[in-house]
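*Asks:* Here it is: the structure, laid out below.
Computed from the coordinates by the stated procedures, all read-outs in this text should not be read as laboratory data. Keep in mind that what you see is a predicted model, and the values were worked out from it rather than measured. Quick reminder, even Gly has a Cβ in these numbers, built from the backbone with ideal geometry, and neighbours come from all protein chains shown.
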């Protein structure tokens, strides 16, 4: 348990990375953060729109003001209002999801101070809580994506007394990846893209890419954001896709991803993503 507990502090710094690093970078003190974002989102170029969002993520309005500037904007154009709404929903999900997972990680890190029998009881309870969180549609998707990282530590700490825990999680995570629940599929696919599933899972890169490409077409801006983050983790050089774009613009870039898939399918099917279950 000591080795697992020592990893918690390091682990909590990875949670934002798991979901796309939306909070990293230095703040930019700019009173016009929101209007600069608005101007960038109206560009005809996908790369420019994505760059505008990336700049805003590092801005004072996002990092310190919790998007007060953006939320105060008066926007007459319905499509632009929808883009801003999509962005604020993504940021709210990440902010609250990271807080949820960080709090859980902090709680579990304290188990090392308990007696062994009490540790095992608490580990069982936290295992149940994390598995429930992952499957709960009422939880923030960011929290659901981040939960498997903490679950890994719980399973590792309890595997001596519960040897069935890790094989069961392997079965469940692959079932999520191949099941019909869109959010669970994205949760599993992103963790697989990061190599966070149990050893021996090692899904084909093509399987993960297909799952994440499916997420690009989802009505939820949060799922779209998670999906492109996972794809960028795998491909490094795929087509530009901005999850806050209108449905029409997204349809165009989804077609670009379909063309990319046809060109790269054979290579993706020949490779597997090695899972490094810490």
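*Asks:* Please determine, in degrees from 0 to 90 and to the nearest 10, the orientation of helix 165-178 with respect to the longest principal axis defined by the Cα atoms of the chain, where the helix direction is its Cα long axis.
*Replies:* With rounding to tens, the tilt is 30 degrees.
*Asks:* For segment 81-207, just run the numbers: alpha carbon Rg, then divide by 2.2 N^0.38 Å, N being how many residues it has. Spell out each step's value before the answer.
*Replies:* Working: Rg = 15.7 Å, N = 127, 2.2 N^0.38 = 13.9 Å.
With N residues counted in segment 81-207, Rg over 2.2 N^0.38 Å equals 1.13.
*Asks:* So what is the calculated 222 nm ellipticity per residue for the chain, using -39500 (n - 2.57) for each DSSP H run with n of 4 or more, over all residues, to the nearest 500 deg cm²/dmol?
*Replies:* After summing the helix terms and dividing by residue count, I get -21500 deg cm²/dmol.
*Asks:* Between residue 132 and residue 240, what is the spin-label point distance in nm, taking each point 7 Å from the Cα along the Cα→C-beta axis?
*Replies:* 4.5 nm
*Asks:* A further question follows. What's the exposure ranking of 126, 56, going from fewest to most Cβ atoms within 10 Å?
*Replies:* Taking fewest neighbouring Cβ atoms as first place, the list is 126, 56.
*Asks:* From the square roots a ≥ b ≥ c of the eigenvalues of the alpha-carbon gyration tensor of segment 146-215, which class results: rounded (a/c under 1.5), prolate (a/b over b/c), or oblate?
*Replies:* In terms of gyration-tensor shape, prolate.
*Asks:* Points 7 angstrom from Cα along the Cβ direction at residue 269 and residue 113: gap in nanometres?
*Replies:* 5.5 nm
*Asks:* So what is the relative contact order of segment 77-196, in percent, for Cα pairs below 8 Å that sit 6 or more residues apart?
*Replies:* Taking the mean separation of contacting Cα pairs over the length of segment 77-196, I get 24 percent.
*Asks:* Please report the relative contact order for the chain, taking Cα pairs under 8 Å with a sequence separation of at least 6, and give it as a percent rounded to a whole number.
*Replies:* The value is 19 percent.
*Asks:* Let me ask something additional. Highest mean first, what order results for 177-185, 193-201 on Cβ atoms within 10 Å?
*Replies:* The peptides rank, most packed first, as 193-201, 177-185.
*Asks:* If you don't mind, there's one more thing I want to ask. What ranking of 142, 55 emerges when the number of other C-beta atoms within 10 Å of each C-beta is taken as an exposure proxy, fewest first?
*Replies:* By the 10 Å Cβ count, ascending: 55, 142.
*Asks:* Report relative contact order for segment 49-147 in percent, whole number only (criteria: Cα-Cα under 8 Å, sequence separation at least 6).
*Replies:* Reported as a whole number, the value is 27 percent.
*Asks:* How big is the Rg/Rh ratio for the chain, C-alpha atoms only, Rh by Kirkwood, two decimals?
*Replies:* Answer for the chain: 1.00.
*Asks:* Now for a different question. By how many nm would the segment from residue 54 to residue 181 grow when fully extended, if each residue of separation counts as 0.36 nm and the alpha-carbon distance is taken off?
*Replies:* Numbers: separation 127, 0.36 × 127 = 45.72 nm, distance 2.93 nm.
The span from residue 54 to residue 181 would gain 42.8 nm if fully extended.
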